[in-house]
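K.L.:
Before I ask anything, let me first share the structure, which is written out below as C-alpha cells.
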Amino acid sequence: MTTAYRSDLVGTVYQSEIASLVADLSVKLDPAILSCPKRCPVQYRLLISREATEAETVKHQAEVAKALHQQYCPHHPPKIELDIGVKREQR
C-alpha cells in the first residue's frame, strides 16, 4: 500500500498520524512534491518505505500522479491510498 498525503495537511491534520508511522524508522516522507497536473495548487507528499529502491519510488510517484490526473481532480482527497504491485486473483 502506498499513501500520499496532501502537502498542506502534512503538518496539521496528519501530523500525528505521520509522526507515528515514521517513528518506527521503516517509512519516511519522500522529499519530492507531486503536483496536480491541471493548473491546481494541490500537491502531495508520498509516504514510502526506507528500503524502497529508487525505481520503486519513481513507480509509486507515477501511480500517485496518475491518480491525480485521472480521478481526483478537481476534488482532491486529503490522502490517496493505492495498492501498487499487488496482484489480484481473477475469478
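The values are calculated or read from the model by the stated rules, or taken from the named source; none is laboratory data. It should be emphasised that the depicted structure is a prediction, and the values quoted were computed from it without experimental measurement. Methodologically, a virtual Cβ is constructed for each residue, glycine included, from the backbone with ideal geometry; neighbour enumeration extends over all protein chains shown.
K.L.:
Quick check on the stretch 40-84: of everything there that is out of contact with any His (no Cβ under 9 Å at 6 or more places or on another chain) and small (Gly, Ala, Ser), which residue is modelled with the lowest pLDDT?
P.N.:
First, the residues of the stretch 40-84 that are out of contact with any His (no Cβ under 9 Å at 6 or more places or on another chain): 41, 43, 45, 47, 49-51, 53-67, 69-81, 83.
Retained after the next criterion (residues that are small (Gly, Ala, Ser)): 49, 55, 62, 65, 67.
Numbers: SER49: 87, ALA55: 93, ALA62: 91, ALA65: 86, ALA67: 83.
Restricting to residues being out of contact with any His (no Cβ under 9 Å at 6 or more places or on another chain) and small (Gly, Ala, Ser), the top hit is ALA67.
K.L.:
Looking only at the stretch 1-31, which residues are surrounded by 12 or more Cβ atoms within 10 Å (Cβ to Cβ), in a strand (DSSP E or B) and over 10 Å from the mean Cα position of the chain (by Cα)?
P.N.:
Hits for the stretch 1-31 are VAL27, LYS28.
K.L.:
Does the stretch 32-43 hold any residues that are small (Gly, Ala, Ser) and either farther than 16 Å from PRO77 by Cα or surrounded by fewer than 11 Cβ atoms within 10 Å (Cβ to Cβ) (or both), and which are they?
P.N.:
Passing the criteria: only ALA32.
K.L.:
Examine the stretch 29-43 for a residue that is of a type in the set (A, V, I, L, M, F, W, C) and under 16 Å from LEU82 (Cα atoms), and state whether such a residue exists.
P.N.:
Checking the stretch 29-43: at least one residue is of a type in the set (A, V, I, L, M, F, W, C) and under 16 Å from LEU82 (Cα atoms).
K.L.:
Filter the stretch 36-53 down to the residues that are free of Cβ contacts under 8 Å to residues at least 24 places away in the same chain and outside any loop (DSSP other than H, G, I, E, B) and list them by number. Steps first, answer last, please.
P.N.:
First pass over the stretch 36-53, keeping only residues free of Cβ contacts under 8 Å to residues at least 24 places away in the same chain: 39, 41, 49, 52-53.
Scanning the stretch 36-53 gives a single hit, SER49.
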